[in-house]
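The values are calculated or read from the model by the stated rules, or taken from the named source; none is laboratory data. Please read these numbers as outputs of a predicted model, since none were measured by experiment. Please note: Cβ atoms are built from the backbone with ideal geometry, for glycine as well, and neighbour counts cover all protein chains shown. The protein model used for the area step is the full one, side chains on, heavy atoms only, and it has no ligands, DNA or RNA in it. Shrake-Rupley method; radii C 1.70, N 1.55, O 1.52, S 1.80 Å.
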Amino acid sequence: MIPLAAFEEVIDASGVAARIEAALPAGVRGRQLSVRTLLAGMCLAQGDHRPAHLTRVHQALTALSEDDQRRLGVIADWKHGPHLLTYRQTERTFGLVAAALGKDHPDGLPSQALQAACDDLLEASIPGQFTDASTSLAVDWTDLESFSRPPPRGTSDCADPEASWGHRKNNLLRSQDELYWGYYLSAGVMVPEENGPAIPELARRATLSSCRHDPVRALAPVLTAMPGQGIPLGDILDDSGYAHRDAGAWAIPLRAAGAQLIQDLHPHDRGPKGTHDGAIIANGNLYCPRTPRPLLELGPLARTATREQAADWERKTAELARHKLGRLTADDADGYHRVQCPAAMGKIRCPLRPASMTLDRDRPEILQPPEHPQACCAQQTITVPPDLLAKTTQKHDYPSAAWRRSYARRTGAERGFATVKDPAASDIARGWCRLMGLAPLMLFTTTLLIVRNQRILAAWNTRQEENTRRAAQGLPPKTRRRRRKTLTALAAAPGPP
């Protein structure tokens, strides 16, 4: 069980408790339960594998030692003697906090004060030695079902008016999405830098939004606000659900904030998508007009690919990179940059560039150049406007081997949600929290992520100690065996005698 002192340290480092206390109305009689103690009780309830119920918060606080109860105000001296905190006082303080952080007219998105409080709490749960360990984040969203039942057909009356219908993937045999009534939980999980040392995968940012809102547009301002808080953005790893949004909703604001995108392109965005000055637009880059069509239509490597198939795929992606127009300048103040023909850069051989024909024959050669060369073949360079590749361009060429290795880090977001949905720890299925409204649910979700970060840190420290012990004995670090077996491996396995 996570000690109380760890939660108190996070709450004090965030400065959230004092900020919320200042925003609460001053009553005639002082409250026995402070915001600091309430947040500690919420963390204790989640740390003890309890559901997000206020009764469980009250039980967690009253189960502390007598010294801790007096220190936190759970036991207070009243004029008739010691008084133990009641459930009604817990409910009253939580209601005041939720009202102070909520919106006067709820719309399914968190208020600025609520988002700032949750950001500060999550940031404070990251130890100092890891705050600058990585600027890369793996992002994703998942379902968070409301305890409220949806409104009956033909009406809009509901116990949780901020919730809405959403869709989620399921593990059933059918391929259709499953409808649910609730919210989208979006999170950004820290992952190692490219070729960097391993770090604990800690949840750094999270937000909650009604299913009537786009989770991508809800998370974008949370991430773009990080540089203003002194936290630079590095690699942002996301799947095709983020990449398929229009550039103004995701790609453009994140790049403006300093992030570099590493994302899986949606099938509708893959392959050739028109031309610009004769160059073929494909997968966020410009390619020679005579690039072989099969190379332009390459997709990501299948997970079941054999070693031979992977080697052939890497050879094709390397050949595709030779046909790409090379960038010559950085973006100017208006976002324009210039690129040059791959033959002029010495990557391929083309009769339209006589100097390239003197290159070694190990380079691809254009056997049939265009009869009527356009600007990309006739000019030394061409200008690329900022809106041409704004949606699909990213840090590495898609789907190159470098992209595949870097994108593999995105599974950190999947593991992050797996830990908060694990029935053995804290299952956020329907009934986990019976409070209605976005503000109460987001507060409990934040405390759950704090607890999750503490568990990840404890496991990380244990593993580092084990590796240190093994190193002292001259043994290599303990590694995990991959348990997944592909269909190819099962088919190749010998059958029973």
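The table below gives the values:
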quantity: Degrees separating the helix 112-124 axis from the principal Cα axis of the chain, which is the longest one; calculated: 80 degrees
quantity: Computed E for Gln380/Ala408 - FRET, C-beta separation, R0 45 angstrom, nearest 0.05; calculated: 0.75
quantity: Surface share of carbon and sulfur [accessible, 1.4 angstrom probe, percent] for the chain; calculated: 52 percent
quantity: Rounded to 10°, Cα long-axis angle of helix 35-47 versus longest principal axis of the chain; calculated: 70 degrees
quantity: Hz values of 3J(HN,Hα) by residue in the range 381-392 - Karplus curve (6.51, -1.76, 1.60), Gly and Pro given as x; calculated: 9, 10, 9, 10, x, x, 8, 5, 10, 4, 7, 10
quantity: Mean separation of Cα contacts under 8 Å, 6 or more apart, over the residue count of the chain: relative contact order %; calculated: 17 percent
quantity: Residues of the chain: accessible area per residue with a 1.4 Å probe, Å²; calculated: 51 Å²
quantity: Cα-based reach from Lys421 at 17 Å (exclusive), listing lysines while leaving out same-chain residues under 8 positions away; calculated: Lys169
quantity: Potential extension, Glu465-Ser65 segment - 0.36 nm per residue separation minus Cα distance; calculated: 140.9 nm
quantity: DSSP beta bridge pairing in the range 190-289, given as percent antiparallel to the nearest 5; calculated: 60 percent
quantity: Qualifying aspartates and glutamates (Cα of each under 15 Å from Cα of Lys347; at least 8 residues distant if same chain); calculated: Glu319, Asp360, Asp362, Glu365
quantity: Value of [θ]222 nm, deg cm²/dmol, for the chain, DSSP H segments ≥ 4, -39500 (n - 2.57) each, nearest 500; calculated: -11000 deg cm²/dmol
quantity: The chain - charge dipole about Cα centre, Lys and Arg +1 at Cβ, Asp and Glu -1, debye rounded to 20; calculated: 1320 debye
quantity: Separation of the Lys421 and His105 label points, Cα + 7 Å toward Cβ, nm; calculated: 3.5 nm
quantity: Extension gain, Ala458 back to His337 (0.36 nm per residue minus Cα-Cα distance, nm); calculated: 38.8 nm
quantity: For the range 211-314: relative contact order, % (alpha-carbon pairs under 8 angstrom, 6 or more apart); calculated: 19 percent
quantity: Selection from Leu475, Gly258, Val97, by position along the positive dipole direction of the chain (Cβ); calculated: Leu475
quantity: Stokes-Einstein translational diffusion, the range 21-158 - Kirkwood Rh over all Cα pairs, 0.890 mPa s, 25 °C, in µm²/s; calculated: 136 µm²/s
quantity: Unit charges at the beta carbon, dipole of the chain: most positive-side option, Thr37, Ala116, Asn453; calculated: Asn453
quantity: Degrees between helix 307-322 axis and first principal axis of the chain (Cα, 0 to 90, nearest 10); calculated: 70 degrees
quantity: Overall form of the range 4-63 per C-alpha gyration tensor (a/c, 1.5; a/b vs b/c); calculated: oblate
quantity: The range 131-205: relative contact order in percent, alpha carbon pairs under 8 Å with at least 6 residues between; calculated: 38 percent
